Every structure is written in C-alpha cells, then in structure tokens.
1. Among the chymotrypsin sites (Phe, Trp or Tyr not before Pro) within the range 93-202, which fall in a DSSP loop and have no more than 11 other Cβ atoms within 10 Å of their own Cβ?
2. Residue by residue, what Karplus-based ³J(HN,Hα) values in Hz, rounded to whole numbers, does the range 222-230 have, using 6.51, -1.76 and 1.60 with θ = phi - 60° and x for Gly and Pro?
3. Go from 0 up to the bin containing the longest alpha carbon distance in the range 1-88, width 10 Å each, and give me the % of pairs per bin.
4. If you take the alpha carbon radius of gyration of the range 4-175 and divide it by 2.2 N^0.38 Å, what ratio comes out, to two decimals?
5. In whole percent, and with a 1.4 Å probe on the protein chains, what portion of the accessible area of the chain is carbon and sulfur?
6. Each label point is 7 Å from the Cα along the Cα-to-Cβ direction; what then is the distance between the points at T96 and S280, in nm?
7. When the Cα centres of the range 172-246 and the range 251-273 are compared, how far apart do they sit, in Å?
8. Set the bar at 26 Å for Cα to Cα. Now go through K49/K221; K49/K226; K153/K189; K221/K275; K49/K289; K144/K189 and name every pair that lies beyond it.
Amino acid sequence: MDTLTIDIDAGTGYEVMVGPELLQRCGDIAARLVGPRRVAVITDETVEKLYLDPVVRSLTGAGFRVCTFSFLAGEGSKNIGTLSAILEFLAEEGLTRSDCLAALGGGVVGDLAGFAAGCYLRGIRYLQLPTTLLAAVDSSVGGKTAVNLRGGKNMAGLFLQPAAVLCDTGCLATLPPPVLADGLAEAIKTGILSGEELFSLLEGDAAGRLSEIIALSVRFKGDIVKADECEAGPRRILNLGHTVGHAIEKCSGYRITHGRAVAAGIAVIARAAVKLGCCSAVTAARIEKTLLENGLSVTVPFSADELTAAALGDKKRSGEEITLVLPRQIGDCFLWTIAVADLHSVIAAGLEVIR
Ligand SMILES: NC(=O)c1ccc[n+]([C@@H]2O[C@H](COP(=O)([O-])OP(=O)(O)OC[C@H]3O[C@@H](n4cnc5c(N)ncnc54)[C@H](O)[C@@H]3O)[C@@H](O)[C@H]2O)c1
Ligand SMILES: [Zn+2]
C-alpha cells in the first residue's frame, strides 16, 4: 500500500501520514517537517523492545541528536509521577525550546509525551509515532494530552497539536488481539458518528481493512477538530460512549482498558437512547453486534450507582449539568445536556437491557 497523507487544519496545520515502514523512514520525514535538531524519543518498555532501534537509527541517520526515555507500559503509568520524570529527564538532557519530542507508542505514550511537550519550557514541538490502532485512529490526532488524577481520568492536561503524525501500519501486526480491539472500539465510535462509509468497514472483517479505517477515522476527526480545537462545543461529540466508559475505567482501577470501557459505554448509551425513544432498537442492536464481532464486550461489571458516582467525578461535569452524546442512527448523533441528578436514570436505563 502507498503512503496516504491527510492534512489536519488545526493549530499551525500538520500532516498525518499513514503507510508501511514509516518508522524506518521517520528521520528523513521529520527532518523535512521540523528540521534536524535534538529529539527526545518517549516510549514505553514494550514498544521500546519492538520499535525503538529502527526509529533511533532513522533519526540519527537524518542528522537528529537523539536521547530516549521509556517507562513501564500501561495506563497505570499515565500519572503526574511519570510526567514529572519525563520533564526532569528533558531538563537533565538540556533540551532547548528549538528541540522536539517524539511520542513512540500507544495512547498512553502520546498523552504523556504531548503533555510534557506542552509544558516543558512552556511548550516545544512534538511528533506522534502511533504504534497502536487506538493511537492511529484517535489519540495521536487532535492535540488532546492528559494524565489521570486520583479524582478521575484525564483530569490534568492541555491542548497542543503535534507537528506531524507518522502512522506506520506495519506496527499493527504485533498488537495482541485485545489491544487491537481497543482501537476498533474507537473506530466504531467514529463510525457511529461519521456514517455508513466507515461503520460498514467495521462490520465483518475489519482486520483486513485497517489502513482504510485509519484514514477515514483521521479525516473525520480532523474535520471536527478544525471546527472546535479546544472542545468548546461540537468536538464534544467525539465523547460518544466516554462518560460511562471513563466511569468503567475508574471503577475498575484502570484494569479495564480504555477501548474496552468505551465499547461498553457505547453499548450502554445506545440502549439508553432506545429507551428514551431517540434511537431504534435495530440500530442499537447493530452497534452491539459490531462491537461483539470486533472482540469487544457490551457488558458492564458495575452498578448504576457505582458508575454514576465515578462519572460525576469526571471533568465532563460542568456545574449542575452534564452533556452526553446520544446516537439517533449511524451517522447521526447529538449532544444532550441533562441535570446531573438525571444521569443515574439514564445509566440505569442503558444497563437494564445489557447487564
Ligand atoms: N488524546 C486523545 O485524544 C485520546 C483519545 C483516545 C484515547 N486516549 C487515551 O489513550 C490511552 C489508550 O491508548 P492505547 O490503547 O494505545 O493504550 P497503551 O498506550 O497503553 O497501549 C496498549 C498496550 O499495547 C502495547 N503496544 C503499543 N504498541 C504496540 C505494538 N505495535 N505491538 C505490541 N504492543 C504494543 C503498549 O506497550 C501497551 O502495553 C488511554 O489512556 C486513553 O485515555 C487519548
Ligand atoms: Zn477515547
């Protein structure tokens, strides 16, 4: 497959490249986009073993001076402690404002490295080198960065668009099936928001169509982010399944992964939408079937009480109201702002059918 380039018209504007062997070619591409300089590659210990060597070789060959930092893989590392360790590392290495970071890994690496890039010396540039499907279809694009706090998911963070995103589709071959499924959950979310073209690719053999799924997901997200970079309004639609999803992650002590939790969150909110009379049972059943076909679960091991308490600790609460995203049909979702006091009954309605 050839390399596709998608232009994202947000921030100063940047390219998302999707194709094979982009990690081996990242040095020359990065040199063209940001110029050869010092670069700190941030990664986790799993990705380090798999992909760090070719990245360092390619960057060094293109004239970059490279240093590397890796941390224990997994959501448990997405905290202030790891952010602080990255910032101290950058300072010890003496990176300056004209240097840059490269986030090599999944969404956890991207969210942490992007956050570090946004606050080190009040902001330096960074590249996203996504190695999971979730990072490719979602987290590497759009400039949201974050860490979790004790109070909840993604509670500290900032918006900073990357200088470029290089998505090497070859990396997807080494993903364990559950990690691939996490990415398919976000792609299904985007399919429900964007319409039949993407959603139908996720029905049946999605694994054979990943490049197309990535390209369509990135295009759709790019258009939304262009319209509302800092999530003041329409970008909130991308949170479909996330109020309940984040609550599931939090209730599980982050043992249930983000993608899996979002999948269950989508199922809950689709069922609630049926009960509320805004979505047909046929559409909700189609969504649930697609989630199951892609190795995801639609059941939730927590009660409405537990989920509501966790969700109301979430940053998406604003005053006494909370905004949910509800599906009407594939390609048609809407924002629905309700009183915080009504959230419990919506979650309970969504759980009733699927628990
Ligand atoms: N910033 C955003 O807009 C945004 C959007 C969606 C999700 N997120 C965040 O992304 C995170 C989830 O990302 P994720 O699912 O990529 O998790 P992750 O980064 O933890 O990666 C999952 C696991 O896969 C391993 N891995 C990564 N690439 C691999 C490869 N090519 N082969 C084999 N193993 C590999 C990792 O080491 C890790 O153990 C969550 O924290 C979520 O909140 C952010
Ligand atoms: Zn998500």
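1. Taking the range 93-202 and a limit of 11 other Cβ atoms within 10 Å, no loop chymotrypsin sites (Phe, Trp or Tyr not before Pro) are found.
2. x, 5, 5, 5, 4, 6, 7, 4, 9
3. Taking all Cα pairs of the range 1-88, the binned fractions are 15, 37, 40, 8, 0 percent.
4. Normalised Cα radius of gyration, the range 4-175: 0.92.
5. Using a 1.4 Å probe with all protein chains present, the chain comes out at 52 percent carbon and sulfur.
6. Going by the 7 Å Cα→Cβ label model, 6.3 nm.
7. Using only Cα atoms, the two centres lie 15 Å from each other.
8. Over 26 Å Cα-Cα: K49/K221; K49/K226; K221/K275; K49/K289.
The values are calculated or read from the model by the stated rules, or taken from the named source; none is laboratory data. Note that the structure is predicted; figures quoted are calculated from it, not measured. Cβ atoms come from the backbone with ideal geometry, glycine included; neighbour counts cover every protein chain shown. Note: areas computed on protein heavy atoms with side chains; ligands, DNA, RNA excluded. Shrake-Rupley method; radii C 1.70, N 1.55, O 1.52, S 1.80 Å.
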